[in-house]
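In what follows, a structure is listed as structure tokens, so that the remarks can point back to it.
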């Protein structure tokens, strides 16, 4: 390819299958050779996961937006008495899933919610139990590391006990959110009331030991530094070396609208988004899947991201709430046909997963 | 595979791609190879510079006798969307532009009004020239020029001379659609033919009037027809050297008869970026490629800078034509936004006038 000097050395490393160092990661973030980065990430993607692009026909279930954490980057969480707050009953959840089940291809539920100040762990657990009983064919992916840690805090149970109970109730995989940036400097400033970096990693580690696969994510484009992004990727890579339990990594560009950071921070550029996906693919050499989450990236950029290292485009979603509260301009749902067309146009092979990616 | 290899060899050696090589690159679908190669061509021509201009679009009317199936903008005179700027309206509009001295270019394209005669358009140009004497006037597509000849009984050369005399400084690049009469018969049967479009450009260039060129893709054309289109433009450019910039227009099907009839959907960003890079590689004698953000949306236009584009067009003011067909971009943006988008990619924003002179 067409780069020289330091970048050429990185290219040689990638082409010969060697692991990139922290310094390499930082150099990649400070370079602007976007199509080179893309081509390199695409090379790695082809080697690791071939030409399939995963998607799923799924339904997001957000049980409540009432949240005691009130993180600065969130436009979804609300106090219990504020306008627009809601908390689902079990009947509400069943109704939503029934509605989504009109699509005979529906294969999975994605359940993430606020940290409700008065709900007990048993209440959350009951949703999983009942949804699993009513819809046994649907794969249930639910709760982020942050929610699991919260359940441990409010119940007095250990993280391991929480996970065992959820698994017994029907939970199959854990969602990748809540990782934000795994740096306590950043977390203390933005989300001091939720799980620390070590706690988040500990939930993932514990889940992996119990045979529960999890996803991982990074929320970038707010107050973090580029070295902190690299550090984040390296912490995930180290845990993956240890457990092998992460399935998919998802990049979340921060959407500032309606958040406490709206005035200070502008939304990331697509340039940054594609760079970050490509660099994640290059750094996370032990991850099978990199997801281009179309809700945040918008459909056109998610499609292009398929040539910047991504091999998963997420799902049909049914109705997205969290990011649309933060001004996401993408649609709230896609049809399966639309997703297939997007993937095919990129010259790749669409492959529906059972909702677990 | 042999054709693809020879295409790639030519790209590394700087040779000219032929029809089958261009087609092989399209079918290979290696978008990042195309991007990297197109970006190298761009950087060899204009380094890290990305151009933009501070401009305004003026559409004199949307009442149209052509009624092309591809168009969501035109309407008939009785329609409640119909508008026509009389000269007094135009004068009022021009006199109220904010910061008139920051403007470099006025872009005027309109429909083929069934009742207005050629002198109306000439007078409109004269008025722009009178009120904004310092701006470039990029006006009228060859389709409009051919129509002026028809309604005035003059020949193309006479029409162009009169427009130059009134103040037009370059011709707009639109109306090329796909330069194939098979396609034009279906998407715009009443517009000038492919040969006529090229002839207007040839005549303009001979008279010293520069122009842009374009292609509208993503409807009923074949990939072969796209490549033939590019080669026709390249041949004419060899002959005259009068094209300044190439623009690619993805077809927006919403609210169009064509979209409805053939159940067309807007092609994806993949196709947009791929066509941009491929066109940059085929049109080796074009200096500039616009990423027209109105069509592509700003994020994809930014990305297009990595796929061979060197120009983000302008601030525009109020875009009407493509928004009638469901474009989701905003109708105008600020200079600051354009500069930010360019700088974010490590490029250097350069404000230009109508002729790519730096300001």
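The values are calculated or read from the model by the stated rules, or taken from the named source; none is laboratory data. Everything numeric in this text was worked out from a predicted model, so none of it was measured. Note: ideal-geometry Cβ built from the backbone for every residue, glycine included; neighbour counts use all protein chains shown.
Just one of the listed residues (B:261, B:290, B:328) is surrounded by fewer than 20 Cβ atoms within 10 Å (Cβ to Cβ), away from every other protein chain (no Cβ under 13 Å) and in contact (Cβ under 8 Å) with a residue 12 or more places away in the chain, namely B:261.
Here's the yes/no breakdown for (1) part of a helix (DSSP H, G or I); (2) buried (at least 22 other Cβ atoms within 10 Å of the Cβ):
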| site | (1), (2) |
| --- | --- |
| A:129 | yes, no |
| A:136 | no, no |
| A:178 | no, yes |
| A:194 | no, yes |
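Annotation: residue B:68 fulfils all but one of (1) without any contact (Cβ under 8 Å) to a residue 24 or more places away in the chain; (2) surrounded by 15 or more Cβ atoms within 10 Å (Cβ to Cβ); the unmet one is (1). Would you mind stating whether residue B:271 is farther than 24 Å from residue B:106 by Cα, touching a residue at least 12 places away in the same chain (Cβ under 8 Å), within 14 Å of chain A (Cβ to nearest Cβ) and in a helix (DSSP H, G or I)? Yes.
Is it true that residue B:249 is crowded, with 19+ Cβ neighbours inside 10 Å and in a loop (DSSP other than H, G, I, E, B)? Judged against the criteria, residue B:249 is not a match. Out of the residues in region B:293-322 that are away from chain A (no Cβ under 12 Å), touching a helix residue (DSSP H, G or I) at 6+ places or on another chain (Cβ under 7 Å) and modelled with pLDDT of 90 or more, which is nearest to residue B:8 (Cα to Cα)? Top of the filtered list is B:309. For region B:27-57, filtered to residues that are in contact with a helix residue (DSSP H, G or I) (Cβ under 6 Å, 6 or more places away or on another chain) and over 18 Å from residue B:309 (Cβ atoms), the residue that is nearest to the other protein chains (Cβ to nearest Cβ) is B:28. Filtering region A:204-219 to residues that are under 15 Å from the mean Cα position of the chain (by Cα) and either part of a loop (DSSP other than H, G, I, E, B) or buried (at least 22 other Cβ atoms within 10 Å of the Cβ) (or both) leaves A:204, A:214, A:215, A:216, A:217, A:218, A:219.
Go through region B:323-340 and give me each residue that's over 25 Å from residue B:49 (Cα atoms) and part of a helix (DSSP H, G or I). B:323, B:324, listed by residue number. Do we have any residue at all in region A:220-240 that's within 14 Å of chain B (Cβ to nearest Cβ) and either crowded, with 20+ Cβ neighbours inside 10 Å or on the phi > 0 side of the Ramachandran plot (or both)? Yes, that holds for at least one residue.
I'm trying to understand the selection: among the residues of region B:87-110, which are out of contact with any helix residue (DSSP H, G or I) (no Cβ under 9 Å at 6 or more places or on another chain) and farther than 30 Å from residue B:351 by Cβ? Residue satisfying the conditions is B:88 alone.
For every residue, the table says whether it meets (1) under 23 Å from residue B:147 (Cα atoms); (2) modelled with pLDDT under 95; (3) crowded, with 22+ Cβ neighbours inside 10 Å.
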residue: B:199; (1), (2), (3): yes, no, no
residue: B:224; (1), (2), (3): no, no, no
residue: B:235; (1), (2), (3): no, no, no
residue: B:255; (1), (2), (3): no, yes, no
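Taking region A:41-58 as the range and being surrounded by fewer than 17 Cβ atoms within 10 Å (Cβ to Cβ) and touching a strand residue (DSSP E or B) at 6+ places or on another chain (Cβ under 6 Å) as the test, the residues that pass are A:51, A:52. Name the residue, out of A:302, A:292, that is more than 10 Å from every other protein chain (Cβ to nearest Cβ) and either at pLDDT below 95 or surrounded by 24 or more Cβ atoms within 10 Å (Cβ to Cβ) (or both). Unique residue meeting the criteria: A:292. Just one of the listed residues (A:310, A:260) is outside any helix (DSSP H, G or I), more than 17 Å from the chain's Cα centre (by Cα) and touching a residue at least 60 places away in the same chain (Cβ under 8 Å), namely A:260.
Residue by residue, here is whether (1) closer than 30 Å to residue A:97 by Cα; (2) within 11 Å of chain B (Cβ to nearest Cβ) holds:
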site: A:5; (1), (2): no, no
site: A:11; (1), (2): no, no
site: A:14; (1), (2): no, no
site: A:25; (1), (2): no, no
site: A:28; (1), (2): no, no
site: A:37; (1), (2): no, yes
site: A:41; (1), (2): no, yes
site: A:52; (1), (2): yes, no
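Check whether at least one residue in region A:233-242 is under 19 Å from residue A:277 (Cα atoms), without any contact (Cβ under 8 Å) to a residue 24 or more places away in the chain and assigned to a helix (DSSP H, G or I), and report yes or no. Yes, region A:233-242 contains a residue that is under 19 Å from residue A:277 (Cα atoms), without any contact (Cβ under 8 Å) to a residue 24 or more places away in the chain and assigned to a helix (DSSP H, G or I). If I filter region A:324-347 down to residues being surrounded by 22 or more Cβ atoms within 10 Å (Cβ to Cβ) and in a loop (DSSP other than H, G, I, E, B), which single residue comes out as nearest to the other protein chains (Cβ to nearest Cβ)? In this case the residue turns out to be A:346.
Tell me, yes or no, whether region A:273-284 has at least one residue that is in contact with a strand residue (DSSP E or B) (Cβ under 9 Å, 6 or more places away or on another chain), away from chain B (no Cβ under 14 Å) and in a loop (DSSP other than H, G, I, E, B). Yes, that holds for at least one residue.
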